[in-house]
Each structure stands twice: as structure tokens, then as C-alpha cells.
Amino acid sequence: MTRGRAIYSSVALHLLPSTSQPPPLLVLLKMRSNLKSHFLHLVAPLLRALKMSSTTPTGQAATLDNLMDPAIHTGENIATYVMFIRCVFESVSELETVGNVKMMRIYKERSSAQHEYLIADVDWRGTTKYVVLQRAGRLTAQERTKLGKHRDSTTSSTSSLSLSSAAVSPCASLDSLSSSLHRDAKDTITIHTEMVDTADHLLVAECTITENCIPIYWWELVVLARAISKGSIWYTPNAANCYFYSGMIMAVAGHRAGAQVNWNKDLAGTFFRVALFIPPTGVNLEKASAAFRQEVTNFTEACQKIRDGKLADMAKLKTEGKQKDEALAQKDEALAQKDEALAQKDEALAEMVAKIAAYEASGSSKVAGRE
């Protein structure tokens, strides 16, 4: 039995009279009307929910819980994750005020590559989540193909978040290597429920966002990371590298929050003591922060526009549902009036039958008396 038929049958069983005798015609007519009304009340919310649901790039439901599920987001490309956020943001506005970033740290691995990555401590609905953002080299051909449909064009605001100034990278002038090195950067995000093991890594930068700072929400940090990706989509080992990626996120987010960023200048952005990234300051930092604010505004406005459209669709569905309910109520009322008229006829018929029976009984008694 299908789900729809199961619902219909359960309602029918509830409405049928308890007697084992076949129900009279009036009961069946009334039951048919009530069944339709009950069925619509049961199914309409399901239809509305399906109408309002969103499908994320990874196929999971667009819910707040899934946003911070480590089983879903491990080494996920930042572009795909931003699309995931957007799917949720288009349905709920709660996202705007959850997930405060409390601290950001950049670590350097003690390996030959001396890879650097950023960890953000996020207060997520009463628990702490650890968000790792990093530029992990270049995308493979398969990864580029998979990511293609989730890309968006670079907006004008992202230009200030790119390697447009030598003040950002002293090696930017060397960024004219052969085209074989200019391939899409692999910018990823990974969610952890426990702090990452950094025992063998060096802390090269740290920023604590206190209550006196401007709040930075986790989704804003991710939008910033995506904006930096769009501003510098090519990975180059000497300039648009992991140092640049994590360092720009730290510098811009810290400046936006009005928080102090503590850099280990001997280690941060260096490869065996050679500086490959210098944090932006002054005008460059102001421009990058302005670009970040514009990216956040663009993102929220786009989501709000779609959310308003969905709310309008829901209001329309509610109005249509109300109109249908009113029409059904009118039909039920008309049927009830017919039921009442038939009941009156039944009563009149019953009285007539009673009179006939009494008359016949009276006639029978008179005949018996004569005999």
C-alpha cells in the first residue's frame, strides 16, 4: 500500500461508524466530503515543505545542522561549500546570527613544503567547531570538471583581494611563470568537532575576537575565503600560495573585526626564512576590507531576494489553500443542509409509516372484535 493510500485508509477507518451494518447513503456522502477535507489538510503541509526545500550541491538537505557536519564537509572546495551555505541561507535567516568566530590561528607545518593553514574557532549553537581553511595546491583535472558548475564569475570587488599589489607579496613580480603552473587553486574547507592536532606545527599568527570587537560570523569568513579565491584563482608556488590565502583571510577578517592580529614575522608567510607573503597594511588593507564588506552585502542581498520569493510563494500557497478550504467548507455546509432535509424527510416518512402501522393495527383489532 502506498503512503497516500495508507493515509486515506486511516482516515476512512476513523470516520466509519462502529456498527458492523453497512453505512447508510447519507453517512457515505458525508464521509466522502470529510475525507477530501482531511486528506488536503494532511498533504498540503507536505507539499508546501517540498516546495520550500532546497537541494545542495552535495545532495544533502539544506539545514543548519548539515552546515557543520564533519562527515559532509571534509576537504570540500570552498566554492561548493559557499553554494551549500547559500542553499540554507535562501530558506532561513537564522544563519545571519549564528556561528561567531572567537579565534583565528595560522599554523605552519614542519615539512619540506612548510604548508600554512588557518583554523577558526567557531561558537556554533553552544558548542565549538573548528573550521580549517587552506589553499592545498592545485585542482586535478577531475576536480576542475566537478567544480565547474559551482563557480561564479569574479566581481569587481574581489580585485582588492587579489595579488594586485607588491605590498601583498614581494614575489608578485615573479608571478609570470610558465602557463603550466597557472592552474586553478585548490581552496578547501574542513569541519572538525575537536581541535586539530597541531603539536608538530608552528603557530605563526593569532587573532582573538573579543566581546569588544565587531562580530565576525563563520559564514562571513567563508564568503571572504571564497572572495579571495575568486580574486586569485591561479595557484603559484611563489605568490598565490597557501601563505597568501591564509594570511589574507587572517588580515582582512581581523581588521574588519577591529581585533589585534599577532604575527610571527620571522615565520608567517616565509619559506625557509624567505618572505613570500607580507600582510597588507594601510591603504591596501582598507581596500581589501571594503571589498570584503561588499562581498558580504552582495551575498546577503542575493539570498534575501530568493528568500523573499520563496516567502511570497508560500503566502500564495497558503492563500490558495485557504480558498480551497473555504470552498470545501461551503460544500460541506451545502451537503449538511441536504443531509438535514433528507433527515426531515426520513422523520416525516417514519411518522407516516408509524401512522400506517397504527392504522393497520387498529383495523386488525376491529376485525378481530367483530369476529
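The values are calculated or read from the model by the stated rules, or taken from the named source; none is laboratory data. Predicted model only: the values in this text are computed from it and were never measured. So basically every Cβ, Gly included, is an ideal-geometry build from the backbone, and we count neighbours across all protein chains shown. Side chains are part of the model used for accessible areas, which takes the heavy atoms of the whole protein and leaves out ligands, DNA and RNA. Shrake-Rupley method; radii C 1.70, N 1.55, O 1.52, S 1.80 Å.
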Worksheet item: Take the residues of segment 219-246 that are more than 12 Å from SER162 (Cα to Cα) and β-branched (Val, Ile, Thr): which is modelled with the lowest pLDDT?
Response: THR236
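Is segment 134-147 home to any residue that is under 19 Å from TYR243 (Cα atoms), of a type in the set (A, V, I, L, M) and either modelled with pLDDT under 90 or buried (at least 16 other Cβ atoms within 10 Å of the Cβ) (or both)?
Yes, the conditions are met somewhere in segment 134-147.
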Worksheet item: Which one of ALA343, ALA350 is within 60 Å of the chain's Cα centre (by Cα), at negative phi and among the small types (Gly, Ala, Ser)?
Response: ALA343
Item to complete: Return only the number of the condition from (1) among the aliphatic types (A, V, I, L, M); (2) in contact with a strand residue (DSSP E or B) (Cβ under 8 Å, 6 or more places away or on another chain); (3) surrounded by fewer than 19 Cβ atoms within 10 Å (Cβ to Cβ) that ILE106 does not satisfy.
Response: (3)
Worksheet item: How about segment 324-349: which of its residues are acidic (Asp, Glu) and at pLDDT 85 or above?
Response: ASP332, GLU333, ASP339, GLU340, ASP346, GLU347
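Listed here are the residues, each with its yes/no results for (1) among the basic types (Lys, Arg); (2) more than 22 Å from ALA136 (Cα to Cα); (3) surrounded by 17 or more Cβ atoms within 10 Å (Cβ to Cβ); (4) at pLDDT 90 or above.
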{"residue": "SER179", "(1), (2), (3), (4)": "no, no, no, no"}
{"residue": "ALA185", "(1), (2), (3), (4)": "no, no, yes, no"}
{"residue": "THR188", "(1), (2), (3), (4)": "no, no, yes, yes"}
{"residue": "ILE191", "(1), (2), (3), (4)": "no, no, yes, yes"}
{"residue": "GLU194", "(1), (2), (3), (4)": "no, no, no, yes"}
{"residue": "THR198", "(1), (2), (3), (4)": "no, no, no, yes"}
{"residue": "ALA205", "(1), (2), (3), (4)": "no, no, yes, yes"}
{"residue": "THR210", "(1), (2), (3), (4)": "no, yes, no, yes"}
{"residue": "TYR217", "(1), (2), (3), (4)": "no, yes, yes, yes"}
Discussion item. Taking the condition of being open to solvent by 70 Å² or more (accessible area, probe 1.4 Å), more than 15 Å from VAL222 (Cα to Cα) and outside any loop (DSSP other than H, G, I, E, B), how many residues in segment 264-293 meet it?
Written reply: 5
Worksheet item: Can you pull out the residues in segment 224-242 that are open to solvent by 10 Å² or more (accessible area, probe 1.4 Å) and part of a helix (DSSP H, G or I)?
Response: ARG226, LYS230, GLY231, CYS242
Practice prompt. Can you tell me which residue among ILE306, ILE249, ILE278 is within 25 Å of the chain's Cα centre (by Cα) and either at pLDDT 90 or above or closer than 30 Å to ALA113 by Cα (or both)?
Written response: ILE249
